[in-house]
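**Q** Take this structure first; my questions come after.
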Amino acid sequence: MTRVVLHIDRLVLKGFERQAREGIAEGLREELTRLLAAPEVARQLQSRHGVPALKVGAIRIQAGAPPAAIGVQAARGIVRGVGS
């Protein structure tokens, strides 16, 4: 079994209300846990021998999206970045 360890040193959430930040972080954490458990993502990470830093491009968020959904979209952007 391959183990994936992910450290997020800083999560910058500009333009969001303070009370939404926890929901965004929770959605991000849950979706990353789910996505990084996929064998193909683990293989992509292994082939890159670690990813010291990853910048995620723009993520389109639907107006009025709940905070957890915003976190899910951010997680999907991160995993897309790992694959590219």
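**Q** Roughly what angle does helix 67-83 make with the longest principal axis of the chain, taking Cα atoms, 0 to 90 degrees, to the nearest 10?
**A** Value to nearest ten degrees: 30.
**Q** OK, next. Against the longest principal axis of the chain, how steep is helix 21-36, in degrees 0 to 90 to the nearest 10, with axes from Cα atoms?
**A** Between helix and principal axis, roughly 20 degrees.
**Q** Roll a 1.4 angstrom probe over the protein heavy atoms and tell me the percent of accessible area of the chain that is carbon or sulfur.
**A** Details: 3430 of 6570 Å².
Here it works out to 52 percent.
**Q** Describe numerically, in nm with one decimal, the distance between label points set 7 Å from Cα along Cα→Cβ at ALA63 and at ALA38.
**A** 3.0 nm
**Q** Using only Cα atoms, figure out Rg for the chain and give it as a multiple of 2.2 N^0.38 Å.
**A** Values: Rg = 13.2 Å, N = 84, 2.2 N^0.38 = 11.8 Å.
Computed over Cα atoms of the chain, the ratio equals 1.11.
The values are calculated or read from the model by the stated rules, or taken from the named source; none is laboratory data. Here the structure is a predicted model, which is why all the values come from computation and not from measurement. As a convention, Cβ positions derive from the backbone with ideal geometry for all residues, glycine included, and neighbour counts pool all protein chains shown. The area values use the complete protein model at the heavy-atom level, side chains included, leaving out ligands, DNA and RNA. Shrake-Rupley method; radii C 1.70, N 1.55, O 1.52, S 1.80 Å.
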